[in-house]
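One structure below.
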Amino acid sequence: MKSSYELAMERLSKSAPTVKLTDAQKKQLAELDSKYAAKIALTGEIAKVADDFEKVEALQKQLVGERKKLQAELEEKKEIVRRKS
């Protein structure tokens, strides 16, 4: 007799089967992660102007916008890599 967890996992795998990635795809995904992590790490700019509240606020807004844009771009590129299989 299967547990409810096992039954749920079976249903999940039928509706959305897991995709096996090749080593090359895994490597590409890791490279994308590291590249975009570096781009997203803009918080050092805020520390440089910590004395000026208006500049800090403007940089924080810019940072939020940039992060959202970069995250979306990263996910698009990852999806392209995943579909290549």
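A short reminder: the numbers here are calculations on the coordinates, not readings from a lab. Model, not experiment: these values are computed from the prediction. For neighbour counting, all protein chains shown are included, and Cβ atoms are generated from backbone atoms with ideal geometry for every residue, glycine included.
Taking the number of Cβ atoms within 10 Å of each Cβ as an exposure proxy, the fewest-first ranking of TYR36, TYR5 is TYR5, TYR36.
Candidate cross-link partners of LYS14 among the aspartates and glutamates, defined by an alpha-carbon separation under 15 Å and a same-chain spacing of 8 or more, comprise GLU6.
With 5 Å bins beginning at zero, the pair-distance distribution over Cα atoms of the chain amounts to 3, 12, 15, 13, 11, 11, 11, 9, 6, 5, 3, 1, 0, 0 %.
Please compare each pair in LYS39/LYS61; LYS27/LYS68; LYS20/LYS68; LYS26/LYS69; LYS35/LYS55; LYS20/LYS69 to a cut-off of 21 Å on the Cα-Cα distance and tell me which ones are over it.
LYS27/LYS68; LYS20/LYS68; LYS26/LYS69; LYS35/LYS55; LYS20/LYS69
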